[in-house]
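I have placed the structure first, in the form of structure tokens, so that the comments after it can refer back to it.
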Amino acid sequence: MAFVSMKFLFFLLVVCGGYFIMPAKLKWVWLLICSYTFYLLNDARTVAFIIFTTVITYITGRILGKINRNQKTYLKENKTVLSREEKKCFKAKNITKKKWTLFTAILANLGLLVFLKYFNFFAGNINAVLSNLSLQMEVPILNLLLPLGISFYTLQALGYLIDVYRDKYEPDRNLAKFALFLSFFPQIVQGPIARYNQLAHQLYEAHKFEYKRVAFGAQLILWGFMKKLIIADRLAPFVDEILVGIWHGSSWKYVAYGIWNGVFISGSILLEPVYEKIIAKLKINTKCFSWGFFQAIRTTFLCSIGRFFSRGVSCMAALRMIKHTFTVFNPWVLTDYSFYELGINERNMIVLVAMGLVLLVVGIMQERGIHIREKIAEQNLYFRWLVYLGALAVLLIFGVYGNGLASTVFIYQQF
Amino acid sequence: MKKKQILQFIIFMTLGLVMVYTLFYLFEKNENDLAARSWNGFYSEEENTIDGIIVGTSMATWAWVAPLAWHERGVRLYSLSTDEQPMAATIGVIEEARKTQNLQVIIIDVHGIRTSARLRTVNKMRNLTDSMHYSINQIRTVNRIVKYSKDYEAIYGDTIPEEKRSKLIEPSDFSNYLGFLNYHARWESGLSESDFTKESPSIKGAYTSRKKLFRTEKLEPPDIPKEANLEPLFQEVIQEVIDYGKENQLNMVFVELPSSLPEEEYIQMNAALQMAEDADFPTINFNSDTISNELSIDYATDLSNKTHVNSRGAVKITSYLTKYVCEHYGLDNEPESKDSTSWDQSWEDYKAFFEQGWEMSIESVLSDWQK
């Protein structure tokens, strides 16, 4: 069930309507039922996988929590009896126990993810190597199911386990509630990967209907739809896929893309003190527009290089594209209308430019800490309504959907 | 939520719905589309001024000249037929017409159940359903066609050619019901004032494609077999129409318009006509020797192609059917209505259109059989 579909909108209405009608105690139960319904509607065959991850993670969390608690109690009770060395020894034993417990759960969860997502990728590569070596052997290619959001919920489960291992918080005592945390339907398709201590309590608490919050939520959804259906889907002919790393797909080009991004992200973190020294030595003012502008250009450049790997059909193709970018000077593609041949006409371009400007203005306002929805809410009623209805009309008319204009699926769907 | 907020919410939602409905209305099927224009013409007629309708595929559209029926007997009878209109949509079409008109006769062409017209692609359904106004009946009509298509695919799925598979009706596609989803992007091809006006055809109730109506294909009269046989799925479709007619006490006439098709397709249509006769509905087979000779249908000059009459054939069919419905249902000598001017004008325009196309008078075409 795609987010940009009538089915999903209807589903969302039922979920929200039901949530506010439900008694406070049952609100989280309703969300759990809806989340699993969403999952079942997508593919009932894969529900066993998420149940497996939920149960394994829940049990492991409880074991880790118990070890943490026992350790605390034992140390507290024997505070005066135990020597420093004995305490150390006891802690070390517990850490080993916890490590093995955590390792087993990670192996089970990650093993399942790797097997379902990458078995065929590795099998293909092994077969290629075997073939090059003229060996009459072949690893079978399996017809595997890919559960919805398996990467999201697996990584979320691992995050939870690592936090419990580090004793950041107590493990969840309620399996059903924990199942909701891992399967919450708006997150399972698109993420983001949430931390337990940030998300879980929001799901378990009973929220009353608040007009302002619901209205703001509806506005946020409308804005999201506008960005997706008017801008992103219109740009789809230009941008086949914008993905990050091997997590996104099983192909060597994504490995290269992942390495490229990984090197820059970790490099920038590790070298931060060095940069700070250079900035201080060169007396660069980092509080002005020009510095921000430089940062934007630098990041765009580095990201664009990485995108060659995601867009190219192979690593070699990506390298060729990079070479051409720097050796073939052809800025005229921007002025000779040749981009109209890529599936976008003049009228669509006007819509894109107009919406791009709106996006830019909104972006600048957000940068400056202006809360747009709050600002709109301050306006007179009729003006507010005009803005909302105008936005809805723009979405309905200019959105890319319907017959022959199928909205492209979200890139993170099925990851 | 305070009372004031509830009130504001209701007003806002109402305004939103009005706006959305206006957009749906503005971004309907392109006005240049023949089916849409034909339906617009029908919708623009005053209530209770139309005497009857003819329902079928494009064969019925080509074969019916409403201005001639008006001119000859004062009969106002519209063709509500679209290109490859599914037979399963017949009840929906009749229901839609009955919302505003007191139909005294309904003529149904049975060509829709023959082998070569059974498969329904999504565009053929939308030809009709996107031309209809949004209503419960439009939804029901879509549902009927969707059900038929599902049943058809379940039985004859293996015979569907590969190139047609992507064009089949997707039952869960919401745009089956909401034309706006298909046409909201019409702005891409440029919009002008005419795109937002609901134009009726200048010649009401008649097909006016010069390219198609003023040509002939020298065809042989078909060999009509005696046998009658129709597969259960299509029997069901016909039976539903018959039951609906009985239930609502409608004057329905089942016809088989002139065509030149393979023998097996006439076996299927014979069965459909037989079913209608068994249910005490009158039938007219224009391919039978009796009527064909009476009407002097010449397969070498009166057909545009194997499945459609040209305008020469159309005036003959119209004249015959007009006479038939007047004699059997007392439709002629209707009192003059307010819209008679537009009908008179349509007749003048059609006459000129016909005579310019063939360089002969309509009367000369009709003189033989009218004597």
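The values are calculated or read from the model by the stated rules, or taken from the named source; none is laboratory data. These figures come from a predicted structure and were not determined experimentally. In this analysis, Cβ positions are derived from the backbone assuming ideal geometry, glycine residues included, and neighbour counts consider all displayed protein chains. Side chains are part of the model used for accessible areas, which takes the heavy atoms of the whole protein and leaves out ligands, DNA and RNA. Shrake-Rupley method; radii C 1.70, N 1.55, O 1.52, S 1.80 Å.
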Any idea which residue in the range B:165-182 is surrounded by the fewest Cβ atoms within 10 Å (Cβ to Cβ), counting only those that are at the interface with chain A (Cβ under 8 Å from one of its Cβ atoms), in contact with a Lys or Arg (Cβ under 8 Å, 6 or more places away or on another chain) and assigned to a helix (DSSP H, G or I)?
-> B:PHE174
Would the range A:76-88 turn up any residue that is surrounded by 17 or more Cβ atoms within 10 Å (Cβ to Cβ) and either within 14 Å of chain B (Cβ to nearest Cβ) or of a type outside the set (D, E, K, R) (or both)?
-> no
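Rundown of residues vs (1) open to solvent by 10 Å² or more (accessible area, probe 1.4 Å); (2) among the hydrophobic types (A, V, I, L, M, F, W, C); (3) more than 14 Å from chain A (Cβ to nearest Cβ), yes/no style:
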position: B:LEU15; (1), (2), (3): yes, yes, no
position: B:GLY41; (1), (2), (3): no, no, yes
position: B:GLU84; (1), (2), (3): yes, no, yes
position: B:MET87; (1), (2), (3): yes, yes, yes
position: B:VAL93; (1), (2), (3): no, yes, yes
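Okay, residues lined up against (1) under 30 Å from B:THR301 (Cα atoms); (2) out of contact with any Leu (no Cβ under 7 Å at 6 or more places or on another chain); (3) without any contact (Cβ under 8 Å) to a residue 40 or more places away in the chain; (4) more than 14 Å from every other protein chain (Cβ to nearest Cβ):
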{"site": "B:THR159", "(1), (2), (3), (4)": "no, yes, yes, yes"}
{"site": "B:GLU163", "(1), (2), (3), (4)": "no, yes, yes, yes"}
{"site": "B:ALA185", "(1), (2), (3), (4)": "no, no, yes, no"}
{"site": "B:THR197", "(1), (2), (3), (4)": "no, yes, no, yes"}
{"site": "B:THR208", "(1), (2), (3), (4)": "yes, yes, no, yes"}
{"site": "B:LYS212", "(1), (2), (3), (4)": "yes, yes, no, yes"}
{"site": "B:GLU227", "(1), (2), (3), (4)": "yes, yes, no, yes"}
{"site": "B:PHE234", "(1), (2), (3), (4)": "no, yes, no, yes"}
Log entry, pairs with first residue in the range A:322-349 being loosely packed, with under 11 Cβ neighbours inside 10 Å, second being outside any helix (DSSP H, G or I) and not acidic (Asp, Glu), beta carbons closer than 8 Å, six or more apart or on different chains, reads A:LEU342/A:PRO237; A:LEU342/A:PHE238
Filter the range B:101-116 for residues that are crowded, with 22+ Cβ neighbours inside 10 Å and of a type outside the set (Val, Ile, Thr); which is nearest to B:GLU47 (Cα to Cα)?
-> B:ASP109
Taking the range B:43-57 as the search range and keeping residues that are surrounded by 23 or more Cβ atoms within 10 Å (Cβ to Cβ) and of a type in the set (Gly, Ala, Ser), which one is nearest to the other protein chains (Cβ to nearest Cβ)?
-> B:GLY56
Name the residues in the range B:119-136 that are more than 14 Å from chain A (Cβ to nearest Cβ), surrounded by 22 or more Cβ atoms within 10 Å (Cβ to Cβ) and either part of a loop (DSSP other than H, G, I, E, B) or at pLDDT below 85 (or both), would you?
-> B:ARG120, B:SER131, B:MET132
So which residues in the range A:373-384 are surrounded by fewer than 13 Cβ atoms within 10 Å (Cβ to Cβ) and either part of a helix (DSSP H, G or I) or within 12 Å of another protein chain (Cβ to nearest Cβ) (or both), if there are any at all?
-> A:GLU374, A:LYS375, A:GLU378, A:LEU381, A:TYR382, A:PHE383
Can we say B:TRP62 is more than 14 Å from chain A (Cβ to nearest Cβ), of a type in the set (Phe, Trp, Tyr) and in contact with a strand residue (DSSP E or B) (Cβ under 8 Å, 6 or more places away or on another chain)?
-> yes
Within the range A:300-350, how many residues turn out to be in a loop (DSSP other than H, G, I, E, B) and within 14 Å of another protein chain (Cβ to nearest Cβ)?
-> 3
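Got at least one residue in the range A:48-64 being among the charged types (D, E, K, R), out of contact with any strand residue (DSSP E or B) (no Cβ under 7 Å at 6 or more places or on another chain) and open to solvent by 30 Å² or more (accessible area, probe 1.4 Å)? Steps first, answer last, please.
Narrowing the range A:48-64 to residues among the charged types (D, E, K, R): A:62.
Filter once more, keeping what is out of contact with any strand residue (DSSP E or B) (no Cβ under 7 Å at 6 or more places or on another chain): A:62.
Those left that are additionally open to solvent by 30 Å² or more (accessible area, probe 1.4 Å): A:62.
Checking the range A:48-64: at least one residue is among the charged types (D, E, K, R), out of contact with any strand residue (DSSP E or B) (no Cβ under 7 Å at 6 or more places or on another chain) and open to solvent by 30 Å² or more (accessible area, probe 1.4 Å).
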Return the pairs, sorted by first residue and then second, in which the second residue is open to solvent by 50 Å² or more (accessible area, probe 1.4 Å) and outside any loop (DSSP other than H, G, I, E, B), the first residue lies in the range A:165-190 and is in contact (Cβ under 8 Å) with a residue 12 or more places away in the chain, the beta carbons are less than 6 Å apart, and the residues are 6+ apart or on different chains.
-> A:TYR169/A:ASN197; A:PRO171/A:ARG62
In the range A:361-374, is there at least one residue being touching a residue at least 40 places away in the same chain (Cβ under 8 Å) and more than 30 Å from B:MET13 (Cβ to Cβ)?
-> no
A:PHE209 is checked against (1) surrounded by 14 or more Cβ atoms within 10 Å (Cβ to Cβ); (2) in a loop (DSSP other than H, G, I, E, B); (3) among the aromatic types (Phe, Trp, Tyr) and fails just one. What number does that condition carry?
-> (1)
Looking at the range B:22-39, which of its residues are within 14 Å of chain A (Cβ to nearest Cβ) and aromatic (Phe, Trp, Tyr)?
-> B:PHE24, B:TYR25, B:PHE27
Select, from B:ILE145, B:ILE139, B:ILE155, the only residue that is open to solvent by 20 Å² or more (accessible area, probe 1.4 Å), within 22 Å of B:ASP33 (Cβ to Cβ) and at pLDDT 85 or above.
-> B:ILE139
A:VAL409 vs (1) open to solvent by 60 Å² or more (accessible area, probe 1.4 Å); (2) modelled with pLDDT of 85 or more: all pass except (2)
In the range B:279-303, the residues that are over 20 Å from B:ILE107 (Cβ atoms) and crowded, with 20+ Cβ neighbours inside 10 Å | B:TYR299
Out of A:VAL394, A:VAL387, A:VAL400, which single residue is among the aliphatic types (A, V, I, L, M), surrounded by 10 or more Cβ atoms within 10 Å (Cβ to Cβ), touching a residue at least 12 places away in the same chain (Cβ under 8 Å) and more than 9 Å from chain B (Cβ to nearest Cβ)?
-> A:VAL394
Members of the range A:154-192 that are modelled with pLDDT under 90 and either open to solvent by less than 20 Å² (accessible area, probe 1.4 Å) or small (Gly, Ala, Ser) (or both) | A:PHE185, A:ILE188, A:VAL189, A:GLY191
Within the range B:222-234, is there a residue that is under 22 Å from B:ILE54 (Cβ atoms) and in a helix (DSSP H, G or I)?
-> yes
Could you list, in sequence order, the residues of the range B:1-55 that are within 30 Å of B:GLY330 (Cα to Cα) and in a helix (DSSP H, G or I)?
-> B:ALA35, B:ARG37, B:SER38, B:TRP39, B:ASN40, B:GLY41, B:PHE42, B:TYR43
Selection within the range A:283-315 - over 26 Å from the mean Cα position of the chain (by Cα) and open to solvent by 50 Å² or more (accessible area, probe 1.4 Å) | A:LYS283, A:ILE284, A:ASN285, A:THR286, A:LYS287, A:PHE289, A:SER290, A:PHE293, A:PHE294
Confirm whether B:LEU68 is within 14 Å of another protein chain (Cβ to nearest Cβ) and either surrounded by 14 or more Cβ atoms within 10 Å (Cβ to Cβ) or within 20 Å of B:LEU128 (Cα to Cα) (or both).
-> no
Only one of B:LEU261, B:LEU273 is part of a loop (DSSP other than H, G, I, E, B) and crowded, with 17+ Cβ neighbours inside 10 Å, namely B:LEU261
